[in-house]
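The values are calculated or read from the model by the stated rules, or taken from the named source; none is laboratory data. Since this is a predicted model, take the numbers as computed values, not measurements. So basically every Cβ, Gly included, is an ideal-geometry build from the backbone, and we count neighbours across all protein chains shown.
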Amino acid sequence: MASDTRQPVLLISHPMLLPLQAALEPTYRVLRLWDFPDRLDFLEGPGQSVEAIVHAGEVNLSNDFLSGMPRLGLIACVSVGYDGIDVPWCRGRGVAVTHSQGLNANDVADHAVGAFVAAWRGIVAGDRMVREDRWTPAERMRPRPGLMGRKAGIVGLGHIGQAAAHRLEAFGLTVSWWGPNDKESRWPRAGSLLDLARDSDALFVCCRADAANHHLISAAVIEALGPHGCLVNVARGSVVDEDALIAALKGGRLGMAALDVFETEPTPAARWADTPNTVLTPHTAGGTLESIPRMVGQTLENLRRFFDKEPLLSPVQD
């Protein structure tokens, strides 16, 4: 940190990031957005001094809100995603955006494949059957299909998509993928997203969320995957038309789903109470004892470099 007795002013944007406060306070003056329920009062008062925001990238920060902080120069996302930020708008106003690039891809891929196996083989349903004392000599779960020789489709072949593809091959699945832009890959790219869904037993949503792919996984894509298919989402809830997904599961037009992300988080339990054949987890795929310190460390380093006027470690490039 440059030798300056004044502490730079940071804003923590969301309560989920509260554990970072202790690491920030020795160096920075820390404000917490949730302590200011009146946003206008905040912007007219303490917000005038904010120089950087420590942010969870999936949470929306409106351009109007950001424009009210004249000294803002950096939004440092602890997360890999940054879909809650209008990056081109920020760039046009000299506000840099950083994120935790690629640091938890293996953890997210582990979770995606684990949730898929749990759904496909009925592991969660079997656990419930045993615990509810419904397993008797005459009553047991019907045989489920195996994994060997099945087809997996990956939507978005970035760090997470590639890590998932390697793991799926180890289970004997054939992998293909689709994304809007072609790239060099050992796996074939489908001609379209619908083609990928039609040709897949399981569809893994691993793409980065943005305004262009809101509800990319539409009712048509879900039904192309079909009544024996499995949809796995470890991207963002906004990428999947959740109403269409629930309707397809209830109507038997989709076989099963494994979801770690939802359109509204926390997702209401009642929304899923009578939705069959689902494995649901509370947005935990990327958070492990190993990945979280790496992500926090990268965020702290980006902050240090910003205030020391050094090149940022992991700036958003698009």
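Scoring Ser13 on the criteria (1) surrounded by 17 or more Cβ atoms within 10 Å (Cβ to Cβ); (2) small (Gly, Ala, Ser); (3) touching a helix residue (DSSP H, G or I) at 6+ places or on another chain (Cβ under 8 Å); (4) modelled with pLDDT under 95 leaves a single failure, condition (4). Before we move on, is Ala257 within 27 Å of Ser79 (Cβ to Cβ), crowded, with 17+ Cβ neighbours inside 10 Å and in contact with a helix residue (DSSP H, G or I) (Cβ under 9 Å, 6 or more places away or on another chain)? Yes: the conditions hold for Ala257. Checking each residue in segment 188-211 for being surrounded by fewer than 19 Cβ atoms within 10 Å (Cβ to Cβ), modelled with pLDDT of 95 or more and not hydroxyl-bearing (Ser, Thr, Tyr) picks out Pro188, Arg189, Gly191, Leu194, Asp195, Arg198, Asp199.
Restricting segment 292-318 to residues that are assigned to a helix (DSSP H, G or I) and β-branched (Val, Ile, Thr) leaves a set whose member that is surrounded by the most Cβ atoms within 10 Å (Cβ to Cβ) is Thr299. May I ask you to verify whether Ala212 is of a type in the set (Gly, Ala, Ser), within 25 Å of Asp83 (Cβ to Cβ), assigned to a helix (DSSP H, G or I) and more than 19 Å from the chain's Cα centre (by Cα)? When the stated conditions are applied, Ala212 does not pass them. Looking for something in the same structural domain as Val234 (by TED's automatic domain parsing), closer than 26 Å to Leu280 by Cα, part of a helix (DSSP H, G or I) and free of Cβ contacts under 8 Å to residues at least 12 places away in the same chain - is there at least one such residue anywhere in segment 92-111? No, the conditions are met nowhere in segment 92-111.
Quick grid of which residues meet (1) crowded, with 20+ Cβ neighbours inside 10 Å; (2) farther than 23 Å from Asp210 by Cα:
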position	(1), (2)
Ala235	yes, no
Ala244	no, no
Ala247	no, yes
Glu263	no, no
Pro268	no, yes
Trp272	no, yes
Thr281	no, no
Gly287	no, no
